[in-house]
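To keep things clear, I will list the structure first and then write my remarks on it.
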Amino acid sequence: MLSNKSTERTTARQLRCVSCAIFLSMGIVGCKANSSDDHVAAAGSRPSANKPSEKNAAPAKRVALQVPEDALPAEQTGGFDGTLAYAHVAKLVGFGPRPSGSQGIAQTQDYITSQLSSSGCTVDTDAFSSDTPAGRLPMKNIIAKIPGERQGIILLTTHYDTKRLDNFVGADDGGSSTGLMLEMARRMCQQRPRYSIWIAFFDGEEAVRLEWHDPDNRYGSRQMAAKMAASGDLKKVRAMILADIIGGKALGIHKEENSTKELEDLIWTTAKRLGYGQIFLDQTTPVDDDHLSFLQRGVPSADVIDLVNSAGYWHTPQDTLEKISAKSLGIVGHVIQESVKELQTR
């Protein structure tokens with residue numbers, strides 16, 4: 001009979017192997033459950049679902065990806081799987097920079113849409129164009145819609161574009177929250193909630209110029225807020241929760257000063273109830289972000305973001321996959337998931 005430590009090592013290895021299989025199913029090749037585990041080999045990896053079918057197409061890029069060691073078991077985070085969220089982040093980073101109008105963002109859009117569809121979500125897309133300092137650029141918002149039993153919408157949001165900087169892949173800035181929301185969709189799209197849940201992926205959050213000056217920012221969220229106002233859907237939104245830059249290894253999320261206090265207090269109270277008070281902190285920081293597009297139209301909105309601990313790599317080429325923690329993704333996903341459950345009771 002194995003000792004407890006041996007059993008734990010075996011179980012951990014098995015979990016990493018399962019995660020690796022899931023990574024490969026997402027088209028992330030070269031996955032290794034452990035650097036010493038020879039039985040999970042890259043040679044037998046499945047090709048990416050997005051791989052071009054042309055005869056002379058370039059082969060899929062092979063990525064030697066280490067399954068994260070710091071991930072919490074999903075049963076500890078209410079079923080929200082930080083490892084799967086991390087796998088999505090790895091896939092997005094593999095596309096390279098993804099500023100609006102680029103080849104990388106087109107691949108990202110296809111990936112997000114395919115993942116939402118495979119999770120059983122009803123997917124709407126809104127393709128539009130925006131006048132920017134770089135000219136008129138095509139953009140696209142992607143929304144997963146989970147119908148509810150009563151009138152009302154809980155809106156969960158993220159942006160998936162990256163800033164126009166050389167060699168900037170935005171693993172944390174855009175990547176982490178997009179991975180989180182894709183896992184959120186997998187969890188929620190088979191449910192029939194009390195109020196509808198919309199999960200929106202915004203294009204064009206980043207300013208095209210180096211500095212953030214209105215109106216050169218928040219193109220996607222402004223487009224969606226205006227469109228919902230015109231259709232009458234905006235008045236149905238009971239709460240809007242934005243996630244952005246939430247995957248760092250040294251996570252410490254401050255309250256955002258512009259956010260709706262009642263909604264923010266609900267999220268922070270939920271975090272403390274779940275035991276994450278050391279991560280969801282009571283300090284406050286003002287942040288201009290996509291939630292402003294909805295706040296300005298009277299929608300209760302909150303921004304879950306860590307701009308403090310990400311400052312050393314924010315908007316630099318150092319914002320890479322190595323900065324991302326599956327544990328952090330699991331914790332933030334757990335908090336948002338449980339906050340949505342609480343909102344469903346109100």
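The values are calculated or read from the model by the stated rules, or taken from the named source; none is laboratory data. None of these values were measured; they are calculated from a predicted model. No Cβ is skipped: glycine too gets one built from the backbone with ideal geometry, and neighbour counts run over all protein chains shown. Calculation scope for accessible area: heavy atoms of the full protein, side chains included, ligands and nucleic acids excluded. Shrake-Rupley method; radii C 1.70, N 1.55, O 1.52, S 1.80 Å.
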(request) Note the full-extension length gain between residue 122 and residue 284 as 0.36 nm times their separation in residues minus their Cα-Cα distance, in nm to one decimal. (result) 54.7 nm
(request) Net charge near residue 192: determine it from the other residues with C-beta under 15 Å of the C-beta of residue 192, scoring Lys and Arg +1 and Asp and Glu -1. (result) +4
(request) Apply the Karplus parameterisation 6.51 cos²θ - 1.76 cosθ + 1.60, with θ equal to phi minus 60°, to every residue of the range 200-207 and state each ³J(HN,Hα) to the nearest whole Hz, in sequence, with x for glycine and proline. (result) 10, 10, 8, 8, x, 6, 6, 5
(message) What translational diffusion coefficient, to the nearest whole µm²/s, does the range 78-130 have by Stokes-Einstein, given a Kirkwood radius computed over alpha-carbon pairs, a temperature of 20 °C and 1.002 mPa s viscosity?
(response) 171 µm²/s
(request) Equivalent ellipsoid semi-axes for the range 160-269, as square roots of 5 times the alpha carbon gyration tensor eigenvalues: give them largest first, rounded to whole Å. (result) 24, 19, 16
(message) Rounded to two decimal places and with Rh computed the Kirkwood way over Cα pairs, what is Rg over Rh for the range 175-214?
(response) 1.16
(message) Give me the three principal axis extents of the range 57-172 from the C-alpha atoms, as integers in angstrom, largest value leading.
(response) 46, 45, 27
(message) Quick check on packing: order 287-294, 111-118 by the mean number of other C-beta atoms within 10 Å, highest mean leading.
(response) 287-294, 111-118
(request) Just subtract the alpha-carbon distance of residue 149 and residue 194 from 0.36 nm times their residue separation and send over the number in nm, one decimal. (result) 15.7 nm
(message) I need to check one value: relative contact order of the range 254-346, counting alpha carbon pairs closer than 8 Å and at least 6 residues apart, in percent.
(response) 36 percent
(message) Could you order the peptides 125-131, 250-256 from most to least packed, using the average number of other C-beta atoms within 10 Å per residue?
(response) 250-256, 125-131
(message) Given Cα positions, please report Rg to Rh for the range 132-215, the hydrodynamic radius being the Kirkwood one.
(response) 1.07
(message) Net charge within 15 Å of residue 137 by Cβ-Cβ distance, Lys/Arg positive one each and Asp/Glu negative one each, not counting residue 137 itself?
(response) +1
(message) For a protection proxy built on the mean count of beta-carbon atoms within 10 angstrom, sort 155-161, 227-233 highest first, please.
(response) 155-161, 227-233
(request) Could you do me a favour and compute the accessible area per residue for the range 180-304, 1.4 Å probe, result in Å²? (result) 40 Å²
(request) Give the value in nm², to one decimal: projected area of the alpha carbon convex hull of the range 236-346, averaged over all directions. (result) 7.0 nm²
(message) From the protein chains alone at 1.4 Å, what is the descending order of accessible area for 314, 212, 198, 268, largest first?
(response) 314, 212, 198, 268
(request) Figure the gain on full extension for residue 103 and residue 272 (residue separation times 0.36 nm, minus the Cα-Cα span) and round it to one decimal in nm. (result) 56.7 nm
(request) Assign unit charges at the C-beta atoms only (+1 for Lys and Arg, -1 for Asp and Glu), then state the dipole size of the range 92-183 relative to its Cα centre in Debye, rounded to the nearest 20. (result) 140 debye
(message) Along the Cα→Cβ direction, 7 angstrom out, place labels at residue 261 and residue 322. What is the inter-label distance in nm?
(response) 4.4 nm
(message) Eigenvalues of the Cα gyration tensor times 5, then square-rooted: what semi-axes does that give for the range 85-240, in whole angstrom, largest first?
(response) 25, 19, 12
(request) Pairs of Cα atoms under 8 Å, at least six residues apart: use those to get the relative contact order of the range 186-288, whole percent. (result) 19 percent
(request) Tabulate in residue order the Karplus-calculated ³J(HN,Hα) for the range 233-247, using 6.51 cos²θ - 1.76 cosθ + 1.60 with θ = phi - 60°, rounded to whole Hz; enter x for Gly and Pro. (result) 6, 4, 5, 8, 6, 7, 6, 10, 10, 9, 10, 7, 6, 10, x
(request) State which entries of 145/323; 235/261; 236/261; 140/323; 255/323 exceed 29 angstrom in Cα-Cα distance in the structure shown. (result) 145/323
